[in-house]
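The values are calculated or read from the model by the stated rules, or taken from the named source; none is laboratory data. Since the structure is predicted, the reported quantities are computational estimates derived from the model, not experimental observations. Cβ: placed from backbone, ideal geometry, glycine included. Neighbour counts: every protein chain shown. Heads up: the accessible areas ignore ligands, DNA and RNA and are worked out on the full protein's heavy atoms, side chains in. Shrake-Rupley method; radii C 1.70, N 1.55, O 1.52, S 1.80 Å.
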Amino acid sequence: MSETEIVIVGAGECGMSLAVALIEAGHCGPIHLVGEETVHPYERPPLSKAHLEPSKTPAPLALIGAQLLEMNPQVIHHQGVTATAIDRAAHELSLSNNTRLTYGKLVLTTGATPRRLPLALGLTGIHYLRAHSDATELREALARGGPVAIIGAGFIGLEVAAAARAHGNPVTIIGAQPRVLARVADAEISVAVQALHEDHGVSFLLSTSLAGVHNDGEDIIITLADGRVTRASTAVIGIGAVPNVALAEEAGLTVENGVVVDEQLTTSDPHIYAAGDCCAFALPVYDGRRVRLESWRNARDQAVQLTAVLTGGEVPPVPVPWFWSDQYDHSLQVAGLVDEGVSEVYRPLTGGGFLTFHFNTSGRLVAACGFGPGQSVARDIRLAEMLIAARSRPNPAAIADPSVKLKSLLSDHRC
């Protein structure tokens, strides 16, 4: 196997998974893993879920394979440092501690950073959620009690709302769009998710913008464009994330809503790759549409893909995008990109859950959403993923009929 020296910038889900996969694939050369945090790589999805709940201990959950890296001298983990510059001609990476690493292949898994709200800069009581330290501080704020205002009605905002209600805090969600989860799910899902939260006491102020945010003593005063005012002890900002691309831009790599990569995750420099939340890549299932996905599974999938590229293995096909969220006792799962669809089919499930399926103009299934108690939608969403990947054109009437098993459509898809 190759003894090329590989340097990975970013020790999150993608970077860590890549290092583990390279070792398991037999890569023999040194692997440098560069991370800003001083703790070992950990799972991020629990930060907005279990870590915030009052009955949980907010300890970081180590990523799968962390122990393997600790025991393997082949991996050099540079903790608590940042990458400051790439010298593409010399194949060197400079670190904030004045170390210079020589690379044969450089991988950027630099992730993304929560989008900041300019109106809230410098105020007290404002929280963003990305790192374990953020989750710890937010949990302490929730435990102190008091009203919570959440600005942003996406996955992060809704998951934090559920955790805040578990602490018994009054919660108000403020969103610019007319419905929750407007970017990733359909209207049926949005209505059901909002109703679940309202059943748990959450209030919503949607289709509105902010006119001002300021501190009044220890409280946060939020003024809306229509003149309404909300007072909170804690405010959580969840208005999306921006890719960490400064290092790539300064090195002259092509950047457009992320570090642009080809089908092998190679950047505009053949010796530099990018994967995970920071990269913009093409989805074959949507005829090469370029996207950037902030997704736990995409980070894992691209680590596997890039391992094959770097070790000469068989590169797996690019999977269908998949997202998930747990709120209260319900699970939400989305396969594919909902905005690719022009028509929708509803499928009820026993136990109160349901699925929605989205078709494009040619009748091809392009996305599916599921919402229900526990893991009631997981199996059907997985089958929907397979139908989407196969570019199936299933009969909408069959999709809508809960007596027709989705698995039976896999062997009968029309391409």
Subject >> Within segment 140-167, considering residues that are touching a helix residue (DSSP H, G or I) at 6+ places or on another chain (Cβ under 9 Å) and open to solvent by 50 Å² or more (accessible area, probe 1.4 Å), the one farthest from Ala211 (Cα to Cα) >> reply: Ala166
Original post:
Within segment 234-259, how many residues are in a strand (DSSP E or B), closer than 21 Å to Val309 by Cβ and either of a type in the set (S, T, N, Q) or in contact with a Gly (Cβ under 7 Å, 6 or more places away or on another chain) (or both)?
Top reply: 1
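Considering only residues that are of a type in the set (Phe, Trp, Tyr) and under 17 Å from the mean Cα position of the chain (by Cα), look in segment 271-314 and name the one that is modelled with the highest pLDDT.
Within segment 271-314, the first condition is being of a type in the set (Phe, Trp, Tyr), and the residues that meet it are 273, 281, 286, 296.
Add one more test, that the residue is under 17 Å from the mean Cα position of the chain (by Cα), and what stays is 281, 296.
Numbers: Phe281: 98, Trp296: 91.
Per the criteria, the residue is Phe281.
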Subject >> Residues of segment 360-380 satisfying the condition of being surrounded by fewer than 17 Cβ atoms within 10 Å (Cβ to Cβ) and either among the β-branched types (Val, Ile, Thr) or more than 18 Å from Leu283 (Cβ to Cβ) (or both) >> reply: Thr361, Gly363, Pro373, Gly374, Gln375, Ala378, Arg379
**OP:** Within segment 160-169, identify whether any single residue is among the charged types (D, E, K, R), in a helix (DSSP H, G or I) and over 30 Å from Gly111 (Cα atoms), and answer yes or no.
**Re:** no
Original post:
What is the one condition in (1) assigned to a loop (DSSP other than H, G, I, E, B); (2) at pLDDT 95 or above; (3) under 30 Å from His358 (Cβ atoms) that Ala192 does not satisfy?
Top reply: (1)
**OP:** Could you list, in sequence order, all residues of segment 106-124 that are open to solvent by 50 Å² or more (accessible area, probe 1.4 Å) and touching a Leu at 6+ places or on another chain (Cβ under 7 Å)?
**Re:** Leu119
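Please work out which residue is nearest to Leu310 (Cα to Cα), limiting yourself to segment 94-111 and to residues that are assigned to a strand (DSSP E or B) and in contact with a helix residue (DSSP H, G or I) (Cβ under 8 Å, 6 or more places away or on another chain).
Step one: filter segment 94-111 for residues assigned to a strand (DSSP E or B), giving 94-95, 100-102, 105-108.
Narrowing the set further to residues that are in contact with a helix residue (DSSP H, G or I) (Cβ under 8 Å, 6 or more places away or on another chain) leaves 105, 107-108.
Numbers: Lys105: 8, Val107: 10, Leu108: 14 Å.
Top of the filtered list is Lys105.
Specify the residue that is farthest from Ala161 (Cα to Cα); the eligible residues are those in segment 177-189 that are open to solvent by 60 Å² or more (accessible area, probe 1.4 Å) and at pLDDT 95 or above.
At the first step, the residues of segment 177-189 found to be open to solvent by 60 Å² or more (accessible area, probe 1.4 Å) are 177-179, 183, 188.
After this cut, where a residue has to be at pLDDT 95 or above as well, the list is 177-179, 188.
Details: Gln177: 17, Pro178: 18, Arg179: 16, Glu188: 20 Å.
Across segment 177-189, the extreme among qualifying residues is Glu188.
For the condition more than 26 Å from the chain's Cα centre (by Cα), open to solvent by less than 60 Å² (accessible area, probe 1.4 Å) and not hydroxyl-bearing (Ser, Thr, Tyr), what is the one hit in Leu383, Leu387, Leu406, Leu355? Reasoning before the result, please.
Values: Leu383 fails: more than 26 Å from the chain's Cα centre (by Cα); Leu387 fails: more than 26 Å from the chain's Cα centre (by Cα); Leu355 fails: more than 26 Å from the chain's Cα centre (by Cα).
Checking each option against the conditions leaves just Leu406.
For residues that are of a type outside the set (A, V, I, L, M), in contact with a strand residue (DSSP E or B) (Cβ under 8 Å, 6 or more places away or on another chain) and within 13 Å of Val75 (Cα to Cα), scanning just segment 5-34, find the one that is surrounded by the fewest Cβ atoms within 10 Å (Cβ to Cβ). Spell out how you get there, then give the answer.
Step one: of segment 5-34, the residues of a type outside the set (A, V, I, L, M) are 5, 10, 12-15, 17, 24, 26-30, 32.
Those left that are additionally in contact with a strand residue (DSSP E or B) (Cβ under 8 Å, 6 or more places away or on another chain): 5, 10, 12, 15, 27, 29-30, 32.
This time we only want the ones that are within 13 Å of Val75 (Cα to Cα), so: 5, 15, 27, 29-30, 32.
Working: Glu5: 17, Gly15: 26, His27: 20, Gly29: 15, Pro30: 18, His32: 22.
So, considering only residues that are of a type outside the set (A, V, I, L, M), in contact with a strand residue (DSSP E or B) (Cβ under 8 Å, 6 or more places away or on another chain) and within 13 Å of Val75 (Cα to Cα), the one surrounded by the fewest Cβ atoms within 10 Å (Cβ to Cβ) is Gly29.
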Original post:
Which of the residues spanning segment 60-93 are surrounded by fewer than 17 Cβ atoms within 10 Å (Cβ to Cβ) and either assigned to a strand (DSSP E or B) or among the basic types (Lys, Arg) (or both)?
Top reply: Ala62, Ile76, Gln79, Thr84, Ala85, Asp87, Arg88, Glu92
Subject >> Flag if Leu47 is part of a strand (DSSP E or B) and either at pLDDT 85 or above or closer than 16 Å to Ile6 by Cα (or both) >> reply: no
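Look through segment 260-278, keep the residues that are of a type in the set (Asp, Glu) and either without any contact (Cβ under 8 Å) to a residue 40 or more places away in the chain or outside any helix (DSSP H, G or I) (or both), and return whichever of them is least open to solvent (accessible area, probe 1.4 Å).
Initially, segment 260-278 is screened for residues of a type in the set (Asp, Glu), giving 262-263, 269, 277.
When the remaining residues are screened for being either without any contact (Cβ under 8 Å) to a residue 40 or more places away in the chain or outside any helix (DSSP H, G or I) (or both), the result is 262-263, 269.
Numbers: Asp262: 64, Glu263: 141, Asp269: 11 Å².
Among those residues, the one meeting the criterion is Asp269.
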Original post:
Scanning for something under 18 Å from Ile156 (Cβ atoms) and surrounded by fewer than 20 Cβ atoms within 10 Å (Cβ to Cβ), does segment 297-316 turn up at least one residue?
Top reply: yes
